[in-house]
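Notes follow the structure.
Please treat every number below as a calculation from the coordinates, not as lab data. What you are looking at is a predicted structure, and each value in this text was computed from that prediction instead of being measured. For neighbour counting, all protein chains shown are included, and Cβ atoms are generated from backbone atoms with ideal geometry for every residue, glycine included.
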Amino acid sequence: MEYRDTLNLPNTDFAMRANLVEKEPRIIEKWKDIDIYNYVQNQRAGCPTFVLHDGPPYANGDIHIGTAMNKILKDIVVRYKVLQGYRSPYVPGWDTHGLPIEHKVTTMLGAKAKTMSQMEIRKACEEFARQQIEVQKKQFQRLGVIGDWDNYYATLKPEYEYKIYEVFAKLVEGGYVYRAKKPVLWCHNCRTALAQAEIEYHDHVSPSIYVKFKMRDCDEFIVIWTTTPWTLPGNTGIAVHPDHQYVKVLVNGEIWILAEKLLESVMNELKVDQYRILETFNGKLLDGKVALHPLFERESRIIAADFVDMETGTGCVHIAPGHGEEDYEYGHLVHRLDVLSPVNEEGVFTDEAGKYAGIHIDKANRLIIDDLQAVGALVKEAKISHSYPHCWRCKKPVIFRATEQWFVSVEKNNLRKTVLEHIDDVMWIPSWGKNRISAMIQERPDWCISRQRVWGTPIPAFKCNDCQEVILDPVIIHHFANIVREKGTNAWFELSAQELLPQGYTCRKCGSENFSKMYDTLDVWIDSGCSFEAVLTTRPELTFPADMYLEGSDQHRGWFNSSIMLSVVKHNTAPYRIVLTHGFIKDEEGKKMSKSLGNVVDPLEVCSKYGADVLRLWLASSDYFNDIRISQNIILQQVEVYKKIRNTFRYLLGNLNDFSESDAVRFEKMLPVDKWALGRLQQIIKSVTEAYESYEFSRVYNILVRYCSVELSAVYLDIVKDRLYVEAKNSLQRRSAQTVLYHILRSLLVMLSPILAFTCEEGYEHFKSQKMKYDSVQVERWPEYHEEWIDKQIMTDFDELMKVRDQALKSLEEVRQAGLIGHSLDAKLLIKSNSQQTLDLLRRYSEYLEEFFIVSLVEVGNSDSELEIEVQKAVGEKCDRCWKYHPLTGTDQQFPNTCPRCARVLRAQKG
RNA sequence: GGGCUCGUAGCUCAGUUGGUGAGAGCGCACGCCUGAUAAGCGUGAGGUCGGAGGUUCGACUCCUCCCGAGCCCA
């Protein structure tokens, strides 16, 4: 007779081999079929809410590992909150305007782009952006992310754009918006502003000139160096380093001022061998002194700025706030030097440039150098070849040119201070995030919100054709907002100024009714920064403020920053309660990923090779608050861990095959080992819940992985195997263990489902024969923590017993190595101790010791030492059914080669 | 160059307010089992806690500097 067939062996359809690559897409189909997002929302109708507001990724190109991480983290949070009983709506969104798309689209269009109207370019950009959204949407769904994918938000949707204007109108009403000059990169050949991304660097030969400026109050000269003589008409200052030494040197009877560090190289360059240092002093002392412009009747103020370079030049830097970024930042924003921009959009000097008016800057260098020579200010002229920015389209050198831009004032109405106060009310995780964003708000200059781009949200400003007044009026903005709501922002390009203005609108300055549209667009950070208004306050299912924003730590300067600024202006509150940030993904060595290094890991490739759950598991294993690492090896490690978890599920499912809730054994009646295991489960539930509550998913991972592989697989499941297989189906011994397995499986499926979204769903489907109630594990309830299931005495007893077990395993291994036994059931254990406490402990559990140690017999006795474990070959014959040794095995008439226990079970089974 | 962050076994992570001999899981090595079997079990080997100073009776834990890495700026 095959006794094997009389055992209760595990049985389940839950395959050992995951085959996630095929299975996951099928689960995604199932989620579609049951409309998982709305199913979950309906199940949680009326529940308290937890709103995680999605920060919009840029709709351009396939998702990369970083965007995948961000979305998965959000998904984990949302799934966890739902399991905790929250209604947690998740509306994904996309950022769609701006340069990268415009750039890409015009590049794809090639020469054709030049023949297209702004409107046609915009249409092409929109089409492209919408395609990208569809692509990314599929990819995010492949990762297992649940959200309202059918009703996503996007900054190009008219209803969104409309809200941008609501916020913008508020900014204008509040007096935050002003117009001022700021240098932007400019191509005078294409007559357009350029973004940093539209610049190429090539070598270029420029003049290199040293110029001396006479000091106003004494007969000394400060010497500057520049490679752009044409910017001298824009000079309003000279910068020196506050922490470096400067010298006054006597050269040819003149006193020159320059940096000590550069003195030698300058003198070398100027071929001056006769000079004498008269004085050495700190650069700080020059701060505030005044020099005289050599070509204009104008002063040039000396300022202290620590960006001053001590490698090239003279250490005294010519500052033209209209022609350079640093010149502007330090010269104008910090030291309030005038911003002169005497150059028009074609690169021709304007009247502001005095005698140079009408001359093209390309021809001005020569003229200016000659003039400097004539007035005796030129110290030296040479040529220099250096890397210089060029236009990406026409390949010509570009310039910095100050143009009129729109700004948001950070000081108006105490905005900066108010924002800082609201930062205080937000919970920043990790906590240093608060310091980081505070510092950024503290230091940020006024916000330049205008861009000279086509693909963006138009700034509805007009210019009076009669008096040239520039008009940005809340009345117009509201009026235009309503047009946008219907027709989208394309209306700005499609309709005439008259059609866009409220009826009878007249110029506040001259009363004219003749206006022209202006064509600046808004900085895209305004677009996305308005999402609280366009999404949170607009959608009935959401709340404002959101409970959480969750993005990479680069968003302290980006989205968190723009959002809180705008939210404080609009609603006088932060738009979020919690801001959670994650780090960036690096390769195995901790290096940044880049195509050139060839260390890029593609999340979609991981999905198609190993499965999204492996990717999700990897993420959960990492301490994502900081930078984390990924590589083939690291993924392969997670594959192993995944298998372990999967097999644990499979074994639990297999052993619960014939169990239903009605078979459950009450706690009081359970066997001690089972009580202990159930108690351990409670402790696990508690610590896992705490870890999730603090968003420390790597702790969740560590606790549960250790739980599955050590406590369950290696200990409890191994111990309980004998009972489950051998005892009668309905026996208390077996049902007691199954009851615990049932709780363990249910808890594991639920607690791991935020991470292993697919596998837990699959496991849940197989578990559903146990009368689970829902269509998806996603709407199950978080396992309850039953403190009353932690029997203190049993817990401490088993802590002690585990120590004895460790010792016993070592002894067993020694004997195994000696070749005396193979399986531990071949052995008999003699556990001896001189401690009454230990002896009492062992005797208290005497009936369970064999199963606990997984041996055929345990005897307890006295010894001289604290603990002594002797291993002997078990006495008697090996039972054909349960493989344990027993002296009476083989004595039963009816069931040969069985032990008394098995014979008893078999008799009962037959009867 | 500035602000912020990180650097513990091959890999991923723990290490409370400084205090007995630095831990876990995976992987690896060796062995067992063949009724979780492309599974399961056991034992074991792996770390001068990035480096150098300093504070202290005592530091992986505090301070300084250096090296390496990242984000944001310049």
Looking at segment A:1-82, which trypsin sites (Lys or Arg not before Pro) are in a loop (DSSP not H, G, I, E or B) and have at most 13 other Cβ atoms within 10 Å? A:17
Count the lysine pairs in segment A:546-629 whose Cα atoms lie under 25 Å apart, taking only pairs 8 or more positions apart in sequence or on different chains. 5
Set of aspartates and glutamates with alpha-carbon distance to residue A:261 below 16 Å, sequence-local pairs under 8 removed: A:243, A:269, A:279, A:306, A:309, A:311
Residue farthest toward the positive end of the dipole of segment A:445-604, with Cβ of Lys/Arg at +1 and Asp/Glu at -1: which of A:519, A:532, A:584? A:519
Could you name the lysines whose alpha carbon sits less than 16 Å from that of residue A:517, not counting residues in the same chain fewer than 8 places away? A:463
With +1 on the Cβ of every Lys and Arg and -1 on the Cβ of every Asp and Glu, and nothing else charged, how large is the dipole of chain A about its Cα centre, in debye rounded to the nearest 20? 1620 debye
Taking only pairs that are 8 or more places apart or on different chains, how many Lys pairs in segment A:50-156 have Cα atoms under 25 angstrom apart? 17
Which whole-number percentage describes the relative contact order of segment A:35-108, with Cα contacts under 8 Å and a sequence gap of 6 or more? 47 percent
Put +1 on the Cβ of each Lys and Arg and -1 on the Cβ of each Asp and Glu in segment A:52-102; which of A:93, A:73, A:60 then has its Cα farthest toward the positive end of the dipole? A:73
Suppose we flag GluC sites (Glu not before Pro) only when DSSP calls them loop and at most 15 other Cβ atoms lie within 10 Å. Which is the longest uninterrupted stretch of chain A? A:3-296
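Total Lys pairs in segment A:158-259 closer than 25 Å by alpha-carbon, pairs eight or more apart in sequence or interchain only?
Numbers: A:170/A:181; A:170/A:182; A:212/A:248; A:214/A:248.
So the count works out to 4.
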For a quick check: with amide H placed at 1.01 Å from N, whose amide H comes under 5 Å from residue A:49's, ignoring anything fewer than 5 positions away on the same chain? A:87
Suppose every K and R has +1 on its Cβ and every D and E has -1 on its Cβ; what is the size of the dipole of segment A:236-285 about the Cα centre, in Debye to the nearest 20? 80 debye
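Could you calculate the contour length gain from residue A:514 to residue A:439, that is, 0.36 nm times the residue separation minus the distance between their Cα atoms, to one decimal place in nm?
On the way: separation 75, 0.36 × 75 = 27.00 nm, distance 4.58 nm.
Contour length minus the Cα-Cα distance gives 22.4 nm.
FRET efficiency for residue A:396 and residue A:375, Cβ-Cβ distance as r, R0 = 25 Å, nearest 0.05?
Between residue A:396 and residue A:375 the formula returns 0.20.
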Under 20 Å by backbone N from the virtual spin label 7 Å along Cα-to-Cβ at residue A:623, the residues of segment A:434-459 are A:434-436
What's the magnitude of the charge dipole for segment A:391-510 around its Cα centre, counting Lys and Arg as +1 and Asp and Glu as -1 at the beta-carbon? Answer in Debye, nearest 20. 620 debye
Nearest 5 percent is fine: what portion of the DSSP beta bridges confined to chain A is antiparallel? 70 percent
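What number comes out for the charge environment of residue A:869, summing +1 per Lys or Arg and -1 per Asp or Glu over other residues with Cβ under 9 Å away?
Overall, the nearby charge balance is 0.
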If you average the alpha carbon positions of segment A:85-120 and of segment A:612-688, how far apart do those two centres end up, in angstrom? 43 Å
Could you name the lysines whose alpha carbon sits less than 21 Å from that of residue A:910, not counting residues in the same chain fewer than 8 places away? A:729
